[in-house]
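What follows draws every value from the coordinates through simple rules; no lab data is involved. Note that the structure is predicted; figures quoted are calculated from it, not measured. Note that we place each Cβ from the backbone using ideal geometry, even for glycine, and neighbour counts take in every protein chain shown.
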Amino acid sequence: MLAADDNTGVRLSQASINQLGQTYGEPARRRLAAWQQLLTDLADADETTKLREVNRFFNQVRFLDDIVHWKKTDYWATPVEFLVSNGGDCEDFSIAKYYTLRELGVPIEKMSIAYVKALELNQAHMVLTYYPQPSDIPLVLDNLIPDIKPANQRPDLLHVYSFNGDNLWLTKKGRRADLVGASDRLKPWVQLQSRINEQHDK
């Protein structure tokens, strides 16, 4: 087990960072250290700054298809796996941003990981959406572009469903619409949370 500073999220102890560096190499250790420093630096920032800087940080990681990177057709990586391997696909970017912002105190009810169709690419895609207020058009944090834009300014994305740590929704016009149940209906999400808990368990 990796030692964590607390059991509330994704903070890592220095011992864990060093251990992972020994296993995966110095570049991996530096990426993890930079991530943990980001958590410290943004602790007292406003939410707009947190969104911008977290989006910028993770969008530096390489995009790699699951079949190339993990030799699996679909694998949802933990933030640690994403950073030590320096690669992942769209859901890995979204997951890392979600957990990092949650650790920074952004309420989970403001965030959803959204399954969309990227129309220009003609393929399934995932992004993180952020609702400043429940009735607002959400902002989209996407690895495809550097800018954070409202969903109604992303006509290239067709929203299908979204979820967070609690709930699962169908989405319409970029926004949550019909609540269809708890997010634990998504098996990859349940498996992901289990692995995160193991990696950050004391």
For this session: Treat the chain as a sphere of radius equal to its Kirkwood radius over Cα pairs and apply Stokes-Einstein at 20 °C in a medium of 1.002 mPa s; give the translational diffusion coefficient in µm²/s, rounded to a whole number.
Result: 125 µm²/s
Problem set entry | Net charge dipole size for the stretch 1-120 [Lys, Arg +1 and Asp, Glu -1 on Cβ; Debye, nearest 20] | 220 debye
Exercise. So how do Glu103, Glu120, Glu91, Glu53 line up by other beta-carbon neighbours within 10 Å, fewest first?
Worked result: Glu120, Glu53, Glu103, Glu91
Exercise. If we restrict to alpha carbons, what Rg and Dmax does the stretch 1-107 come to, in Å?
Worked result: 13.5, 40
For this session: May I ask which residue of Ile17, Ala118, Phe58 lies farthest towards the positive end of the charge dipole of the stretch 14-199, with charges of +1 (Lys, Arg) and -1 (Asp, Glu) on Cβ and the Cα centre as origin?
Result: Ala118
Exercise. Just how large is the dipole of the chain about the Cα centre, in debye to the nearest 20, putting +1 at every Lys and Arg Cβ and -1 at every Asp and Glu Cβ?
Worked result: 260 debye
